[in-house]
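Accompanying notes for the structure given below.
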Amino acid sequence: MADSRLLLDAGTRAQLWRKLVEALETYATKLQNWRVTPALDPARIRSSLSRFDFCAPVDPCEALDFLVEGLWNFQTHTPHPRYYGLFNPAPTTMGIAGDALAAAFNPQLAAWSHSPLAIEIEQHLVRAFGARFGYDPARTDGTFASGGMEANHTAVLTALVHKFPEFARRGLRALAAQPVLYVSTEAHHSLLKSARMCGLGTDAVHQVAVDDNLRLDPKALASQIARDRGQGLAPFLVAATAGTTSAGVIDPLPAIAEIAAREKLWFHVDAAWGGAAALVPELRPLLEGIERADSIIFDAHKWLSVPMGAGVYITRNTDILDKTFRIAQTYMPREAAGLDVIDPFTHSMQWSRRAIGLKVFLSLAVAGWDGYAAAIRHMVAMGALLRAQLEASGWQVVNKTPLPVCCFVDRRHPEGRSEAYLHKIAMHVVASGKAWISTTRLTGSMPVLRACITNYRTQRTDIEALIAALDEARNQSR
Ligand SMILES: Cc1ncc(COP(=O)(O)O)c(C=O)c1O
């Protein structure tokens, strides 16, 4: 049969699924005994691929084995409990199941009539997350996105269309003045990239100074807006961050909301990681003011631990996605015309789209808000433990946040604040395979080591292992 190599026969499929499930279960149960980091050996990887010339077919189980073994050997294991990295989670079991179903049923999320359940699930989730942030579910719209980058890009576009309606049809050249937007110097660079991709250029992003605690300084924001207006520029958006990438800091949302309202700017909150605090009653007050945002982005593939990618853009402006993304055409399905439903391709920059929400839905349905609150609470407690153990071992934690991100320098070494020394420490830890940490610079100038609890399976013994790996790196660097 012509399709036999694509579909495979029932016996082969059964064998393949068994092997696949075994591989998933082995990864889930044995990963903590494995190295966190791979050998970075491009020549070896490329030579292992050279046997695949795609002329001679490979046995399905053999191909699967190749990939499983290769992923074990050549991956920084972000799901590892000693991966202290950049918000990449250990995926939930239900999330893996949801993603497998998305691949197998392959729902097409462009038109409502093609995937009514998957689309309604996503809208249900958008309203549920919006409600956790304080939005009225009856006045909430949103779209799933590949991740925080696309969601932030969506925010910049919707803010532009809101402030300059002619932009949607006639573009930036139709505008009388150069639009500018505001972020803090600690904001994620996806906002700069978004400005470039919107045709604004990165110079249109005015990076506002932060205070001693790395939070956007509202006074500096107000002065910058006044200066810009004086120069004939057209401020249209301020983006606050709830959980900065480097230091896990939350900008003063109420003060920024106030300025945005006074200056008639679109108020956006990038809560890609820290937004999960909304799920934990005792952390929820940290996000006070987020309910005043015109738009919020939130990544379920960060602190909700679903497999990548799962960004969400949520807005309380129920027209704006339509105004931003609807394009007239004649070929899309029309079976749902007349129903009170939305075709996602009219509310998103994607057209054909994967069912991103299924993995989020299954994870949340099974864990519930309480299950997530418990997991996040555990990670926050591990963050506090890490902070205490770092201090006890002569490392100095320099950022202040209740969220589990530690930025630190070495108090016991004369070079303990130098970039070269801190980089050497991070590289030593990474090369040891015992943990993954990184370096960053706060306010663009202060080098620090960075370790973040991003895994619900990280335990006290994992924290102790990191401290031991750091101490060993320090001893080797003397
Ligand atoms: C605060 C913040 N916003 C946006 C992003 C971009 O998200 P993504 O990597 O999902 O595109 C990140 C990524 O870490 C982030 O930390």
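Structural remarks
- Relative contact order, whole percent, for the chain stands at 22, derived from Cα pairs under 8 Å and 6 or more residues apart.
- In the chain, taking the dipole from charged Cβ atoms about the Cα centre, the farthest positive-side position among Ala426, Asn455, Gly199 is held by Ala426.
- At q = 0.21 Å⁻¹ the log10 of I(q)/I(0) for the stretch 214-329 amounts to -1.18, computed by Debye summation with a single uniform scatterer per C-alpha, solvent ignored.
- Selection from Asn106, Ser146, Ser445 lying farthest towards where the dipole of the chain points positive, charges on Cβ: Ser445
- Here the label points at Glu25 and Arg196, each 7 Å from Cα along the C-beta direction, are separated by 4.6 nm in the simple model.
- Amide H contacts for Asn399 (H built 1.01 Å from N in the peptide plane; partners 5 or more residues away or on another chain; cut-off under 5 Å): Cys407.
- Pairwise label distance in nanometres, Trp17 with Arg173, each label 7 Å out on the Cα-Cβ vector: 5.7
- Counting 0.36 nm for each residue step from Leu233 to Arg411 and taking away their Cα separation leaves a gain of 59.5 nm.
- In the chain, lysine pairs closer than 15 Å at Cα, eight or more apart or cross-chain: 4
- Maximal additional length on extending the Thr76-Val341 stretch stands at 91.2 nm, based on 0.36 nm per residue less the C-alpha distance.
- Accessible area per residue for the stretch 36-95 is 56 Å², calculated with a 1.4 Å probe on protein heavy atoms, without ligands, DNA or RNA.
- Zone of Ala63's modelled label, taken as backbone nitrogen in the stretch 1-43 under 16 Å from a point 7 Å along Cα→Cβ: 1-20
- Placing unit charges on each Cβ (+1 for Lys and Arg, -1 for Asp and Glu) gives the stretch 119-236 a dipole about its Cα centre, and among Ala222, Leu160, Tyr135 the Cα reaching farthest toward its positive end belongs to Leu160.
- Per-peptide packing, taken as the mean over residues of other Cβ atoms within 10 Å, places 381-394, 273-286 in the sequence 273-286, 381-394 from highest down.
- q = 0.27 Å⁻¹: log10 I(q)/I(0) that the Debye formula gives for the stretch 162-235, counting C-alpha atoms only: -1.26
- Look at the Cα gyration tensor of the chain: its axes a ≥ b ≥ c give a/c of at least 1.5 with a/b at or below b/c, and that counts as oblate.
- Quick note on the stretch 82-236: its Rg to Rh ratio, both from C-alpha atoms and Rh being the Kirkwood radius, is 1.04.
- Here the chain is assigned +1 on the Cβ of each Lys and Arg and -1 on the Cβ of each Asp and Glu. Its dipole about the Cα centre then comes out at about 760 debye.
- Percent of C-alpha pairs per 10 Å bin in the stretch 1-136, short distances first: 9, 25, 31, 25, 9, 1.
- Amide proton proximity set for Ser184, modelled H, under 5 Å, gap of 5+: Val208
- By a 1.4 Å probe calculation restricted to protein chains, Tyr27 has an accessible surface near 60 Å², given to the nearest 10.
- Straightening the chain between Trp351 and Asn33 buys 110.3 nm, computed as 0.36 nm per residue apart minus the Cα-Cα spacing.
- The stretch 283-379: translational diffusion in µm²/s, Stokes-Einstein, Kirkwood Rh over Cα pairs, 10 °C, 1.306 mPa s: 99
- By accessible area with a 1.4 Å probe, ligands and nucleic acids excluded, highest first: order of Leu175, Leu287: Leu175, Leu287
- Global geometry of the stretch 351-478, whether rounded, prolate or oblate, following the gyration tensor of its Cα atoms and the 1.5 cut on a/c: prolate
- To put it simply, the accessible area of the stretch 339-450 at a 1.4 Å probe is 59 percent carbon and sulfur.
- Under 14 Å from a label point set 7 Å out along the Cα-to-Cβ vector of Asp9, the amide N atoms of the stretch 26-68 belong to 60.
- FRET E, pair Asp212, Leu101, Förster distance 41 Å, beta-carbon r, rounded to 0.05: 0.25
- Cβ-defined net charge surrounding Thr143, 12 Å radius [Lys, Arg +1; Asp, Glu -1]: -4
The values are calculated or read from the model by the stated rules, or taken from the named source; none is laboratory data. A quick note: this is a predicted structure, and the numbers were derived from the prediction, not measured. All Cβ positions, glycine included, derive from the backbone under ideal geometry; neighbour counts span all protein chains shown. Surface accessibility is based on the protein's heavy atoms, side chains included, excluding ligands, DNA and RNA. Shrake-Rupley method; radii C 1.70, N 1.55, O 1.52, S 1.80 Å.
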